[in-house]
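What follows draws every value from the coordinates through simple rules; no lab data is involved. The structure displayed is predicted, hence computed values, not measured ones. Neighbour counts run over all protein chains shown; Cβ positions are idealised from the backbone, glycine included.
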Amino acid sequence: MIRKIKVTDYPRLMEIWESAVLSTHDFLKEEDFIYYKGQLPVYFQYVNLFGFEQEGILIGFMGIAEGNLEMLFITNKQTGILKMKRKSKQV
């Protein structure tokens, strides 16, 4: 289910962001990671945030501004599951 994000969801968004970035953004230096993590709550203010829930658990989110998808993050655990489901459908 896709739903609008509330400020009370921000801690979970931070967890999702960290999980996704650590598994996919190996080009980031540690100091860059720390910087961007600290800036996330600021960035959240400039986009319309929507989350994706599966079985009542928030597993991903996106930020949209001026009709553009500005951010999209899915937990590392879920990206693996989504890849497996996609492969099984191709067989």
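Some observations on this one:
- Going from the residue with the fewest nearby Cβ atoms within 10 Å to the one with the most, 14, 1 rank 1, 14.
- Karplus-derived 3J(HN,Hα), 6.51/-1.76/1.60, for each residue of segment 44-60, Hz, glycine and proline x: 4, 5, 9, 10, 8, 9, 10, x, 10, 9, 10, 6, x, 10, 6, 10, x
- Gain in span if fully extended, residue 53 to residue 7, counting 0.36 nm per residue against the direct Cα distance: 15.0 nm
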